[in-house]
Amino acid sequence: MTEVRLDPQAVIADLDELAGQSGGRFAGAKRLAWTPQWLEARSWLTSKLADLGLMPERDQAGNLWARIDGAEERFMIVGSHIDAVPDGGWLDGALGLMTALETIRQLTRAGTRPPIGVRFVDWADEEGARFSRSLLGSSACAGTLDPDAVRDLRDADGISLADALATCGVDLDDAPAAAERLGGAVAYLELHIEQGPVLLEAGRPACAVSGTVGVERHLMTFTGQAAHAGSTPMRLRQDSLAAAARAALEIRESAIQHGGVATVGRMHAVPGVITAVAGSTEMQLDQRHLDPAELAAMFVEAREACRSAAEEFNCTVEEREVFRAAPTPFEATLVELARESVREAGGDSSEPIPSGPLHDATEIGRVLPTAMIFAQSDPPISHASIEDSPERALSVAIDAYGRAVGSVLARAREMTSKGAA
Ligand SMILES: [Zn+2]
């Protein structure tokens, strides 16, 4: 049996039951990772899985797994995350996880062995809201978590990440061993709300996701000469803020040309008073694109725009990289399969869209064929208690997810597993 039909109402009922633990849909989720409330939500999830006769187990990084065996050892993975930002929405993470739970429920009900196994996962600490380190559990599985780099991160109360994990029975130093969980996996599928305005604006209920965009962050510091605003003629100024402003507008144009996004989120001018030409100005620049070559080209153009603007205003400019994350395009055949599933579920088959936010699928997509489906967000706001999606969008997205799982199972024979020769 490879056809998987999900009941959107069952998913929504589970979502309401989960939201009910913290006062209902729009009362603000209380499931911050590594807290008693998060553990409570997980015991609720564990009892849901137990109702299906499944005994979930935790891996070394604190991810929660349940399994349905298939005719073959190889398996696909369905899941998302139950943790939430403080006072977060009722759908972020929970939608994908409850849909994965419904997937497992339908497969259990069918009673026949799928061609390959299906494993359910609730990734630990996707949000990183407490220690500013997102995707903790999934990065451990993907092999990109370095315990030493996160050990001393502290929450607002001064508690270290390592200690918080320990109170939940997770030894940070063992976390990377969770990577062994992916041995034999052929694919990962995740459903999530879009958390942005693109689908709403296009009137699309759901769509396939092409990948997660890469990010480049730089500080560009323009240096000129601070001078009196009254006595310094315009032609003799070395105005660092004027140079930065000219560059910022060019960088904006370049992002539009390349089909990416660029944001100058802050300009810090010194001395920063109304009566002085700015002697130095620090520009904070964030650039994102799905295509690594386009992203690199956007930065080269930004650097060039800064240099020529600095020259024009008789200033100099220095650059410093502060953060970068490589783009993760999802696997083309799986993206196509997700797109077809959305169309069959009553959506449209227009172009997949890239994700601006990072997801567990970003980490897993580095090591495993991965695809995502987005449900429309309306209002297009997330990480807030007003987060919502129209019921039709939820239905199409949930239905599409089941169809995508069915297609992966049907094509399992053609897929090779991680760790296979
Ligand atoms: Zn999420």
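The values are calculated or read from the model by the stated rules, or taken from the named source; none is laboratory data. This is a predicted model, so every value here is computed, not measured. Cβ: placed from backbone, ideal geometry, glycine included. Neighbour counts: every protein chain shown. Each accessible area value is taken on the protein alone, full model and side chains, heavy atoms only, with ligands, DNA and RNA left out. Shrake-Rupley method; radii C 1.70, N 1.55, O 1.52, S 1.80 Å.
A few notes on this one:
- Residue within segment 172-188 that is within 24 Å of Gly96 (Cα to Cα), within 16 Å of the ligand (Cβ to nearest atom), surrounded by 14 or more Cβ atoms within 10 Å (Cβ to Cβ) and of a type outside the set (Val, Ile, Thr) present: yes
- Criterion applied to Gly196, Gly203 was being of a type in the set (Gly, Ala, Ser) and either within 16 Å of the ligand (Cβ to nearest atom) or crowded, with 22+ Cβ neighbours inside 10 Å (or both), and the one residue passing it is Gly196.
- Out of Glu414, Glu391, one residue alone is open to solvent by 30 Å² or more (accessible area, probe 1.4 Å) and without any contact (Cβ under 8 Å) to a residue 60 or more places away in the chain. It is Glu414.
- Listed by first and then second residue, the pairs linking a residue in segment 200-213 that is closer than 26 Å to Ala325 by Cβ and touching a residue at least 40 places away in the same chain (Cβ under 8 Å) to a residue that is open to solvent by 30 Å² or more (accessible area, probe 1.4 Å) and in a helix (DSSP H, G or I), with Cβ atoms under 7 Å apart and 6 or more places separating them unless they lie on different chains, are Ala208/Arg339.
- Taken together, Ala84, Ala66, Ala33, Ala61 contain a single residue that is in contact with a Phe, Trp or Tyr (Cβ under 7 Å, 6 or more places away or on another chain) and buried (at least 20 other Cβ atoms within 10 Å of the Cβ), which is Ala66.
- In segment 212-234, the residues that are part of a strand (DSSP E or B), of a type outside the set (Asp, Glu) and away from the ligand (no atom under 16 Å from the Cβ): Gly214, Val215, Arg217, His218, Leu219, Met220, Thr221, Phe222, Thr223, Gln225, Ala227, His228
- Picking from residues in segment 337-356 that are acidic (Asp, Glu) and either under 23 Å from Val215 (Cβ atoms) or at pLDDT below 95 (or both), the one that is most open to solvent (accessible area, probe 1.4 Å) is Glu351.
- Screening His289, His258 for residues that are crowded, with 21+ Cβ neighbours inside 10 Å and closer than 24 Å to Ala202 by Cα leaves exactly one candidate, His289.
- Residues considered: Ala100, Ala129. Of these, the only one that is open to solvent by 20 Å² or more (accessible area, probe 1.4 Å), more than 16 Å from Pro176 (Cα to Cα) and within 14 Å of the ligand (Cβ to nearest atom) is Ala129.
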